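Okay, so here's the structure we're looking at.
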Amino acid sequence: MTLHLKKGSSRKSAYDLKNPLDEQIETHTLAVLVDNEAGVLARVIGLFSGRGYNIESLTVAETDTAGHRSRITIVTTGTPAVIEQIKAQLAGIVPVYRVNDLTVEGPSVEREMALLKVAGKGDKRVEAMRLADIFRANVVDSTLESFVFEITGTPEKIDAFSDLMRPLGLCDIARTGVAAMARGT
């Protein structure tokens, strides 16, 4: 069977990631409680990659050593329908105990830590130190040619600090990804 398309027409794919309803793309922070065992993270990431979902940030750490449980914090984007689909599919993975959407469940706290290496001399070095003081960044390493700053805060704060450090000699950056938790009880 041959499919002929008229000039100007196109085929629609079920896998087309475009937003046909022009729904708003949202960013959500998901906290996923899982068994701390080999292969769990691979299955979670496989769910995202297999369906074309994007992960903006990912952090994982054991939070309950006695119960062998880990917390995966994922920042992802999508339409409201895609976010709901992600949450439902995550909840269906066997070693997942709980999926919390911190973005919609009420107030939450989000923080990220970054290390930034800034190389410079003279006025640029002085300006980098002045900005670090304003942003409450700590110097964790210093040589005659460079500083390594440690900064903690929201992703937006880290973005702003790194943008200001670029013209002053930012040469390397390492970010932890978002750690988030619901506020209150």
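Only the coordinates and a few stated rules stand behind these numbers; no lab work does. Keep in mind it's a predicted model, so treat the numbers as computed, not measured. Cβ atoms come from the backbone with ideal geometry, glycine included; neighbour counts cover every protein chain shown.
Taking 0.36 nm per residue of separation and subtracting the Cα-Cα distance, what length does fully extending ARG175 through LEU41 add?
On the way: separation 134, 0.36 × 134 = 48.24 nm, distance 1.92 nm.
Working it through step by step, the gained length comes to 46.3 nm.
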query: Hey, what do the phi angles of region 66-79 turn into as Karplus ³J(HN,Hα) couplings, whole Hz, using 6.51/-1.76/1.60 and θ = phi - 60°, x for Gly and Pro?
result: 5, x, 6, 10, 10, 10, 10, 10, 10, 9, 9, 10, x, 6
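Using only Cα atoms, what Kirkwood radius does the chain have, in angstroms?
Details: mean 1/r = 0.0515 Å⁻¹.
Taking every pair of different Cα atoms in the chain, averaging 1/r and inverting gives 19.4 Å.
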message: 7 Å from Cα along Cα→Cβ at both ALA81 and ASP101: what's the point-to-point distance in nm?
response: 1.4 nm
- prompt: Quick one: if the Förster radius is 25 Å, what FRET efficiency do ARG51 and THR154 give, using the C-beta to C-beta distance and rounding to 0.05?
  reply: 0.35
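Taking a quarter of the surface of the Cα convex hull of region 26-101, what do you get in nm²?
For region 26-101, averaging the hull's shadow over all directions gives 4.4 nm².
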- prompt: Which one of PRO80, ALA114, ALA179 has its Cα pushed farthest toward the positive end of the charge dipole of the chain, where Lys and Arg give +1 and Asp and Glu give -1 at the Cβ?
  reply: PRO80
task: Please give the length that would be gained between ALA88 and LYS124 if that part of the chain were fully extended, namely 0.36 nm times their separation in residues minus their C-alpha to C-alpha distance (nm, one decimal).
output: 8.0 nm
- prompt: Out of residues 5 or more away from LEU170 or on other chains, whose amide H comes under 5 Å of its own, with H placed 1.01 Å from N in the peptide plane?
  reply: ALA119
- prompt: What residues have an amide H closer than 5 Å to that of ARG69, excluding those fewer than 5 places away on the same chain, when H is modeled at 1.01 Å from N in the peptide plane?
  reply: ASN36, THR63, ASP64
